[in-house]
Amino acid sequence: MSARPLFLEDCGIVTPLGNGKTAVACALFAGDNNGISLRDDLVPNKQVYVGAVRDDLPTPPAALRDFDCRNNRLMQMALMEITPAVEKAIKRYGRDRIAVVLGTSTSGTSSSEEAMVIRQNTGSWPTDYHYHKQEISGLSTFAACFLGLTGPTYTVATACSSSAKVFASARRLIRAGLADAAIVGGSDTLCRMTLNGFDALELLAKEKCNPFSANRDGITIGEGAAAFLLSADDGPVQFLGIGETSDAYHLTAPDPEGNGACQAMLQALDDAGLTAADIAYINLHGTATSLNDAMEARAVSSIFGSQTPCSSTKGMTGHMLGATGGCEAAFLWLALNAATSPALLPPHLWDGIHDPNLPVLNFVAMGTPLPEGKQLAMLSNSFGFGGSNASLILGRA
């Protein structure tokens, strides 16, 4: 087994913050939450706040029209940003030596919802409808075909940890000698099924989500996509470590003590050969639900104490579900990459009202600079339904 270091050579991203590294970085470090707005077409007789991508999305090539859905279009936009780097990797390794491992939870469900309405009204499916638009494997198959890659290809679907766990899956392929590089990341799209499901659980925030506040009242759902080229070739950001655990506690509620979350973070630190003191910043899962925030605050405090800078970026994007892990890894990539970062940490957007029942954490204020005087390593948490936990550590190369 090879333990050679792996790097994230390039990153492509589209979120409610904008399209592309430059636009997303500008909005992220400025604390821009204008991408979260009210919609009345997702939950019957109700307006809900969601984080929506506002940019026009590209049309897939004609040969991939069976895969044409909003979810794959989001991924195509992210892939287009890293295509030059991928083409160089193809010349180095060959098309069959580059894997594609992507994460999603809803895939193209929104396209199937639209098709179902047409079928109910007309009795027939739309002529351009194909199940490839919705199936979980469709995301990675589409991405591999779009990039012309023939290496191992599959999709990880573990709810909100999906596109964080792909980093571990891809590394295993590379270390096993089954690939020399991998496309990793994920995509998820707003759809009625998800919004109505969270509404039925009474978990949707009445206003824009308010992570870790005493006044938090629920989640804001978002959408987005991120893609990276992972390989042993030098890049601006290094993949240092990852931890994966499963609570097996409850179908939707996390372990209140955060035991699985703690173990994921400790595994990631051990995998990276780091201690808690080496972490300069933590991107919190921070969904703004009562149970998740309480669990994560206890878990983070027990390992890192109250001094490590941390923030939940979901106040700017909403919870992008299966794309969250990949997109928030991209936020770390932007903060760590000296070429794209304004040398700031992502701010924590909330009302500033501390919950007295939670440990005190060091939430990042607007304009907080990157820590100086040590090698930069950052951690990102992604916790999914069913107790699927992943903690990812990236560092400045």
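A compact table of results
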read-out	value
Residues of segment 349-397 satisfying the condition of being polar (S, T, N, Q), closer than 15 Å to Y281 by Cβ and modelled with pLDDT of 95 or more	N362, T368, S380, N381, S391
Residue selected from segment 223-250 under the condition part of a loop (DSSP other than H, G, I, E, B) and touching a helix residue (DSSP H, G or I) at 6+ places or on another chain (Cβ under 8 Å), by the criterion surrounded by the fewest Cβ atoms within 10 Å (Cβ to Cβ)	A248
Residue check for F212: under 29 Å from A78 (Cα atoms), of a type in the set (F, W, Y) and buried (at least 16 other Cβ atoms within 10 Å of the Cβ)	no
Filter pass, L284 being over 20 Å from the mean Cα position of the chain (by Cα) and within 27 Å of A52 (Cβ to Cβ)	no
Residues satisfying the stated conditions in segment 127-143, i.e. surrounded by 14 or more Cβ atoms within 10 Å (Cβ to Cβ) and more than 25 Å from S382 (Cβ to Cβ)	Y129, H130, H132, K133
Segment 50-74 - residue that is under 26 Å from S382 (Cβ atoms) and in contact with a helix residue (DSSP H, G or I) (Cβ under 6 Å, 6 or more places away or on another chain) and, of those, surrounded by the most Cβ atoms within 10 Å (Cβ to Cβ)	N72
Test: residue in segment 195-208 that is within 19 Å of I393 (Cα to Cα), part of a helix (DSSP H, G or I) and free of Cβ contacts under 8 Å to residues at least 24 places away in the same chain	no
Residues satisfying the stated conditions in segment 130-180, i.e. at positive phi, at pLDDT 95 or above and among the aliphatic types (A, V, I, L, M)	none
Condition check for T324: at pLDDT 95 or above, hydroxyl-bearing (S, T, Y) and either assigned to a helix (DSSP H, G or I) or touching a Pro at 6+ places or on another chain (Cβ under 6 Å) (or both)	yes
Residue pairs meeting the criteria (Cβ under 8 Å; at least 6 apart or on separate chains; first over 12 Å from G258 (Cβ atoms) and in contact (Cβ under 8 Å) with a residue 40 or more places away in the chain, in segment 294-314; second surrounded by fewer than 24 Cβ atoms within 10 Å (Cβ to Cβ) and among the small types (G, A, S))	T308/A276; T308/A280; P309/A280
Odd one out for G286 among (1) surrounded by fewer than 24 Cβ atoms within 10 Å (Cβ to Cβ); (2) under 21 Å from S213 (Cβ atoms)	(1)
Segment 257-291: number of residues that are more than 23 Å from T220 (Cβ to Cβ) and either assigned to a loop (DSSP other than H, G, I, E, B) or of a type in the set (S, T, Y) (or both)	6
Lone unmet requirement of (1) without any contact (Cβ under 8 Å) to a residue 40 or more places away in the chain; (2) in a loop (DSSP other than H, G, I, E, B) for G151	(1)
Residue identified as farther than 28 Å from A227 by Cβ, assigned to a loop (DSSP other than H, G, I, E, B) and of a type in the set (A, V, I, L, M) among A294, A253, A339	A253
Criterion (outside any strand (DSSP E or B) and not charged (D, E, K, R)) met by exactly one of M366, M378	M366
Residue count for segment 253-279, restricted to those that are touching a Gly at 6+ places or on another chain (Cβ under 9 Å) and at positive phi	1
Any chance G108 is crowded, with 24+ Cβ neighbours inside 10 Å, touching a helix residue (DSSP H, G or I) at 6+ places or on another chain (Cβ under 7 Å) and at pLDDT below 95	yes
Scan of segment 212-268 for residues that are touching a strand residue (DSSP E or B) at 6+ places or on another chain (Cβ under 9 Å), over 30 Å from R97 (Cβ atoms) and hydroxyl-bearing (S, T, Y), ordered by number	S213, T220, T245, S246
Tabulated pairs, segment 1-25, first touching a residue at least 40 places away in the same chain (Cβ under 8 Å) and crowded, with 17+ Cβ neighbours inside 10 Å, second acidic (D, E) and assigned to a loop (DSSP other than H, G, I, E, B), C-beta under 7 angstrom, 6+ apart or interchain	F7/D233; F7/D234; E9/D233; V14/D55; L17/D32; N19/D55
Unmet criterion (only one of (1) under 21 Å from S311 (Cα atoms); (2) in a helix (DSSP H, G or I); (3) hydrophobic (A, V, I, L, M, F, W, C)) for V14	(2)
Long-range neighbours under 7 Å by Cβ, at least six apart or interchain, first residue farther than 18 Å from T150 by Cβ within segment 167-180, second at pLDDT below 95 and in a loop (DSSP other than H, G, I, E, B)	R175/M1; R175/S2
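Okay, residues lined up against (1) within 19 Å of S187 (Cα to Cα); (2) surrounded by fewer than 24 Cβ atoms within 10 Å (Cβ to Cβ); (3) at pLDDT 95 or above; (4) of a type in the set (A, V, I, L, M, F, W, C):
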position: G305; (1), (2), (3), (4): no, yes, yes, no
position: G318; (1), (2), (3), (4): yes, no, yes, no
position: N337; (1), (2), (3), (4): no, yes, no, no
position: P347; (1), (2), (3), (4): no, yes, yes, no
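The values are calculated or read from the model by the stated rules, or taken from the named source; none is laboratory data. In this text, all values refer to a predicted model and were calculated from it rather than measured experimentally. Positions of Cβ are backbone-derived with ideal geometry, glycine not excepted, and every protein chain shown enters the neighbour counts.
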